[in-house]
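J.: Input: one structure, supplied below.
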Amino acid sequence: MEDQRGRQLVLSKQQARQKIESYCAYQERSQQEVRNKLYEMGLRTADVEEVIAELIQTNFLNEERFALAYASGKFRLKQWGRKKIRQGLKVKGVPDKLISKALSSIEDSQYVRTLADILAKKSSQLTEKHPAKRKNKLVQYAISKGYETDLIFDTLKSSNLAKSGENF
């Protein structure tokens, strides 16, 4: 943290803990996000780890709760697929075991329905008339949202969104 003149401010461990409690109370955070924030506040490694341990004990910081909230939020609000959510959780430093648990919390039927919905919406926005190019644009869009390729093709085949006479 810096003051108005750009000088580095170093907070005491107690001051940093109070600030980081507010930071964690505002929204769920991963341990890595909190660790990075504490280092930005000028804390030393030993103090950072001690504050994180205290936050876990007082339940301000819960990696499992973060992973579930992240997966749920990105799926419901941004309509991300499992691949993109997995990547986002990895970047946040969440362990693989918790990533798997968070991804399994997404209901399969809702997941497929959401994919079909985003493909239908995208299809209605496309002006491309050529069936193969149209299909390719839909596939690329769904891949960019983090959906699995085989599921995309299955969904396109069952919904006929690419509006082609060919079989997918």
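J.: Take Gly73 and decide whether it is open to solvent by less than 90 Å² (accessible area, probe 1.4 Å), under 30 Å from Ala16 (Cβ atoms) and in a loop (DSSP other than H, G, I, E, B).
T.: No, not satisfied.
J.: Please verify whether Gln8 is within 24 Å of Tyr141 (Cα to Cα), open to solvent by 50 Å² or more (accessible area, probe 1.4 Å) and either at pLDDT below 95 or touching a Ser or Thr at 6+ places or on another chain (Cβ under 8 Å) (or both), treating the condition exactly as stated.
T.: It is false that Gln8 is within 24 Å of Tyr141 (Cα to Cα), open to solvent by 50 Å² or more (accessible area, probe 1.4 Å) and either at pLDDT below 95 or touching a Ser or Thr at 6+ places or on another chain (Cβ under 8 Å) (or both).
J.: Let me ask you something else. Looking at Thr127, Thr58, which is the one that is open to solvent by 50 Å² or more (accessible area, probe 1.4 Å) and more than 30 Å from Ala16 (Cβ to Cβ)?
T.: Thr127
J.: Here's a follow-up. Across the range 121-164, what is the number of residues that are under 14 Å from Lys83 (Cβ atoms), of a type in the set (Asp, Glu) and touching a helix residue (DSSP H, G or I) at 6+ places or on another chain (Cβ under 9 Å)?
T.: 1
J.: With the checklist (1) of a type in the set (Lys, Arg); (2) part of a helix (DSSP H, G or I); (3) at pLDDT below 95 in hand, flag the one item Lys129 doesn't pass.
T.: Answer for Lys129: the failing condition is (2).
J.: Still on this model: I'd like to know if the range 80-89 contains one or more residues that are of a type outside the set (A, V, I, L, M), open to solvent by less than 70 Å² (accessible area, probe 1.4 Å) and not in a helix (DSSP H, G or I).
T.: Within the range 80-89, one or more residues are of a type outside the set (A, V, I, L, M), open to solvent by less than 70 Å² (accessible area, probe 1.4 Å) and not in a helix (DSSP H, G or I).
J.: Any idea which residue in the range 90-114 is farthest from Arg76 (Cα to Cα), counting only those that are among the small types (Gly, Ala, Ser) and in a helix (DSSP H, G or I)?
T.: Ser100
J.: Additional query: Output the qualifying pairs, or none if there are none: Cβ atoms under 8 angstrom, residues six or more apart or on different chains, first residue in the range 136-149 and in contact (Cβ under 8 Å) with a residue 40 or more places away in the chain and over 15 Å from Lys74 (Cα atoms), second residue open to solvent by 30 Å² or more (accessible area, probe 1.4 Å) and assigned to a helix (DSSP H, G or I).
T.: Partner pairs satisfying both residue conditions: Glu148/Arg82; Glu148/Lys83.
J.: I'm trying to understand the selection: among the residues of the range 132-152, which are in contact with a Phe, Trp or Tyr (Cβ under 6 Å, 6 or more places away or on another chain) and modelled with pLDDT under 95?
T.: Selection gives nothing.
J.: Can you name the condition, by its number, that Leu38 falls short on among (1) over 18 Å from the mean Cα position of the chain (by Cα); (2) buried (at least 19 other Cβ atoms within 10 Å of the Cβ); (3) touching a residue at least 24 places away in the same chain (Cβ under 8 Å)?
T.: Status for Leu38: all satisfied but (3).
J.: Regarding Ile106, is this residue open to solvent by less than 70 Å² (accessible area, probe 1.4 Å), in contact with a Leu (Cβ under 7 Å, 6 or more places away or on another chain), of a type in the set (Val, Ile, Thr) and in contact (Cβ under 8 Å) with a residue 12 or more places away in the chain?
T.: no
The values are calculated or read from the model by the stated rules, or taken from the named source; none is laboratory data. Since the model is a prediction, treat every value here as computed from it, not as a measurement. Reconstructed Cβ throughout: ideal geometry from the backbone, glycine too, with neighbour counts over all protein chains shown. Remember, those area values only see protein heavy atoms, side chains included, never the ligands or the DNA or RNA. Shrake-Rupley method; radii C 1.70, N 1.55, O 1.52, S 1.80 Å.
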